[in-house]
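Student: The structure follows.
The values are calculated or read from the model by the stated rules, or taken from the named source; none is laboratory data. In this text, all values refer to a predicted model and were calculated from it rather than measured experimentally. Heads up, the Cβs are rebuilt from the backbone with ideal geometry, glycines too, and the neighbour counts pull from every protein chain shown.
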Amino acid sequence: MARTAPTAKDDILAAAARCFARGGYRATSLREIADEYGGSKAALLYHFASKEEILSRLSHDHWAAVHELAADVRHRDGADARDAARAGMVDLAVAHRDVVAIVHAEMRAIIRLDSFRDDGEAMDEIADALAGRSARLDDQRMARTLLGAVATACREFEGADDATLRSALEALLTITLPGAAGHGAPPDEGAHRPPAVGAPAAEGATGQFGAATHRPGLPS
């Protein structure tokens, strides 16, 4: 029996999610998704124009939650911002655990895709809030490291119930961020926040979610 268009799209999205979970977004080809789906590549492209569109549709609800959290923390400061970002990320990860495991694992690459540039800016806002608005580079790096670790936790706790995953994430994100309690003190000399999406980073600085740039004397 031929599948109806809505059913076919849902089946393709489910197949893509399995492929992305196994091999990652960047390493997965449209052919692999088509094979997992049980149809031809042409049939897949009839419903979705590209792999990027598949990921966009698959992660739509997740990104809506990301933007909602970014809006919530935008006008908070210090410990209030950090606590709201931490609680919000736990709720988001539990609600969208499968997508978080895929998207957050390759965040630096995904937010450079045209469909996700605004989403990258929202993640930067959440990371800055998680760092308690600290201007110290190490605090910002730690915040982005913890956000990346959320994806690892979602993968490692695959099959665990929501309560178990929530407990693990709460423990993970309760790690004290260096200098967070001292928000408002003058920043260390040379400390700064990572640049916004698309802005060039200084040598030795970090971009989104700890993407280190080249340092003199080290292999790039």
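Student: Could you figure out which of (1) surrounded by 22 or more Cβ atoms within 10 Å (Cβ to Cβ); (2) at pLDDT 95 or above; (3) of a type in the set (Val, Ile, Thr) isn't true of ILE111?
Tutor: Tallying (1) surrounded by 22 or more Cβ atoms within 10 Å (Cβ to Cβ); (2) at pLDDT 95 or above; (3) of a type in the set (Val, Ile, Thr), ILE111 fails exactly one: (2).
Student: Taking the range 120-163, which residues are in a helix (DSSP H, G or I) and of a type in the set (Asp, Glu)?
Tutor: Selection gives GLU121, ASP124, GLU125, ASP128, ASP138, ASP139, GLU156, ASP162.
Student: Hey, another quick one. From the list GLY132, GLY159, pick out the single residue that is on the phi > 0 side of the Ramachandran plot and either buried (at least 21 other Cβ atoms within 10 Å of the Cβ) or in contact with a Ser or Thr (Cβ under 6 Å, 6 or more places away or on another chain) (or both).
Tutor: Residue meeting the stated conditions: GLY132.
Student: Based on this model, can you work out whether ALA49 counts as in a helix (DSSP H, G or I) and either surrounded by fewer than 18 Cβ atoms within 10 Å (Cβ to Cβ) or of a type outside the set (Val, Ile, Thr) (or both)?
Tutor: no
Student: A further question follows. Looking at LEU130, LEU137, which is the one that is under 23 Å from ASP61 (Cβ atoms) and either assigned by TED's automatic domain parsing to the domain that holds ALA84 or not basic (Lys, Arg) (or both)?
Tutor: Going through LEU130, LEU137 in turn, just one is under 23 Å from ASP61 (Cβ atoms) and either assigned by TED's automatic domain parsing to the domain that holds ALA84 or not basic (Lys, Arg) (or both): LEU130.
Student: Right, here's the next one. Given (1) in contact with a His (Cβ under 7 Å, 6 or more places away or on another chain); (2) modelled with pLDDT under 90; (3) in a helix (DSSP H, G or I), where does HIS104 come up short, assuming only one miss?
Tutor: Among (1) in contact with a His (Cβ under 7 Å, 6 or more places away or on another chain); (2) modelled with pLDDT under 90; (3) in a helix (DSSP H, G or I), HIS104 violates only (1).
Student: For ALA17, only one of the following conditions fails: (1) of a type in the set (A, V, I, L, M, F, W, C); (2) within 25 Å of LEU173 (Cα to Cα); (3) in contact (Cβ under 8 Å) with a residue 24 or more places away in the chain. What is its number?
Tutor: The failed condition is (2).
Student: In addition: For residues that are surrounded by fewer than 17 Cβ atoms within 10 Å (Cβ to Cβ) and touching a residue at least 24 places away in the same chain (Cβ under 8 Å), tally how many sit in the range 68-90.
Tutor: Here the count works out to 5.
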